[in-house]
Amino acid sequence: MKIFKSKLKPMRIRQVGKHLSDSYSDWKGYLNTQQQLVTMKKHLIPVVSKLEDKLNNIDNQFLGERGLYHEMETLRLKTKQLKKDIIRFLKLKQFIK
């Protein structure tokens, strides 16, 4: 079995300056953006889904007896809209890079 030796030489940095620091700051900005998107996808949507489930599990008769049905129904609609808005926000073209 032959072992192939690489003819590539180690790279040398010829220019250290503004371009290198700009690309590093762009890279750090990209990582920060990706971290925020992952946080929204993996943590925010499940929390809103759990809240929506808990609001739907509350008995309507119990709320009606206490005069809170209308307020709870408003909260239920707002959580559904919030979940739809988060999903729509994540599908925007500017975030799918």
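The values are calculated or read from the model by the stated rules, or taken from the named source; none is laboratory data. Values in this document were obtained by computation on a predicted structure and should not be read as measured data. A quick note on method: Cβ atoms are made from the backbone with ideal geometry, for glycine too, and the neighbour counts reach across all protein chains shown.
Looking at this structure, is Leu77 at pLDDT 85 or above and either of a type in the set (Phe, Trp, Tyr) or in contact with a helix residue (DSSP H, G or I) (Cβ under 9 Å, 6 or more places away or on another chain) (or both)?
Considered against the rule, which asks whether it is at pLDDT 85 or above and either of a type in the set (Phe, Trp, Tyr) or in contact with a helix residue (DSSP H, G or I) (Cβ under 9 Å, 6 or more places away or on another chain) (or both), Leu77 comes out as no.
Among what's in region 1-46 and is more than 17 Å from the chain's Cα centre (by Cα) and of a type in the set (S, T, N, Q), pick the residue that is modelled with the highest pLDDT.
That would be Ser25.
Among all residue pairs at least 6 apart or on different chains, which show Cβ distances below 8 Å where the first residue, located in region 57-86, is closer than 30 Å to Met40 by Cα and in contact (Cβ under 8 Å) with a residue 40 or more places away in the chain and the second is part of a helix (DSSP H, G or I) and not basic (Lys, Arg)?
So the pair list comes out as Ile86/Met40; Ile86/Leu44; Ile86/Ile45; Ile86/Val48.
Let's see how each residue does on (1) in a helix (DSSP H, G or I); (2) of a type in the set (D, E, K, R):
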{"site": "Gln34", "(1), (2)": "yes, no"}
{"site": "Thr39", "(1), (2)": "yes, no"}
{"site": "Ile45", "(1), (2)": "yes, no"}
{"site": "Val48", "(1), (2)": "yes, no"}
{"site": "Lys54", "(1), (2)": "yes, yes"}
{"site": "Gly64", "(1), (2)": "yes, no"}
{"site": "Gly67", "(1), (2)": "no, no"}
{"site": "Leu75", "(1), (2)": "yes, no"}
{"site": "Lys84", "(1), (2)": "yes, yes"}
